[in-house]
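Chemist: Quick one: the structure is below, and I'll ask about it shortly.
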Amino acid sequence: PESKSDDWQKLNFTFTRNLPENITDEADAASKLKGLVSDQTMLSTLSFVDDPKAEMKRIADEIAQKAKDAATNSLSNTDFQKFLNGGGNDDNNDSATDSE
């Protein structure tokens, strides 16, 4: 492609300072936005979150997985009642052998 002698004048330069980011201040500011703006907007204020929508999806996935794990690993209601009543543990139910 041909270039004109004045093409250099159409160049735009952008300078960005490379300063360390204060993540603590960002997190504090973002937490203060909770309830005032959408979660997506809140996440977009954090410099280390590149894609707020993707981050919200990851958060939702983590919450769903934790709920699934809690449901899988929790005691059933029957087992919980046995636990509360001191039953269900064979080591503590040896009253016949303890009295001898």
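Chemist: Inside the stretch 41-50, can you point out the residues that are in contact with a helix residue (DSSP H, G or I) (Cβ under 9 Å, 6 or more places away or on another chain) and either touching a residue at least 60 places away in the same chain (Cβ under 8 Å) or exposed (fewer than 12 other Cβ atoms within 10 Å of the Cβ) (or both)? Steps first, answer last, please.
Modeler: Applying the first criterion (in contact with a helix residue (DSSP H, G or I) (Cβ under 9 Å, 6 or more places away or on another chain)) to the stretch 41-50 yields 41-49.
Within the stretch 41-50, 47, 48 meet the criteria.
Chemist: Could I ask something else about it? Answer yes if at least one residue in the stretch 52-72 is assigned to a loop (DSSP other than H, G, I, E, B) and surrounded by 10 or more Cβ atoms within 10 Å (Cβ to Cβ), and no otherwise.
Modeler: Our first condition is that a residue be assigned to a loop (DSSP other than H, G, I, E, B); within the stretch 52-72, this holds for none.
Checked the stretch 52-72: no residue is assigned to a loop (DSSP other than H, G, I, E, B) and surrounded by 10 or more Cβ atoms within 10 Å (Cβ to Cβ).
Chemist: Right, next: Search the stretch 1-32 for residues being part of a helix (DSSP H, G or I) and among the small types (Gly, Ala, Ser), and hand back the single one that is surrounded by the most Cβ atoms within 10 Å (Cβ to Cβ). If you could, list the steps in order and put the result at the bottom.
Modeler: Just the residues of the stretch 1-32 that are part of a helix (DSSP H, G or I), to begin with: 7-10, 23-32.
If we keep only those that are among the small types (Gly, Ala, Ser) too, we end up with 27, 29-31.
Values: 27: 13, 29: 13, 30: 18, 31: 9.
Across the stretch 1-32, the extreme among qualifying residues is 30.
Chemist: Continuing with the same structure: Does any residue in the stretch 1-30 that is under 19 Å from residue 44 (Cα atoms) come within less than 7 Å, Cβ to Cβ, of a residue that is of a type in the set (Gly, Ala, Ser) and surrounded by 10 or more Cβ atoms within 10 Å (Cβ to Cβ) six or more places away or on a different chain, and which pairs are these?
Modeler: 21/47; 26/47
Chemist: Read through the list (1) in contact with a Leu (Cβ under 9 Å, 6 or more places away or on another chain); (2) at pLDDT below 80; (3) of a type outside the set (Asp, Glu), then give the number of the only condition that residue 99 fails.
Modeler: All conditions are met except number (1).
The values are calculated or read from the model by the stated rules, or taken from the named source; none is laboratory data. Keep in mind that this is a model prediction, so the values were computed, not measured. In this analysis, Cβ positions are derived from the backbone assuming ideal geometry, glycine residues included, and neighbour counts consider all displayed protein chains.
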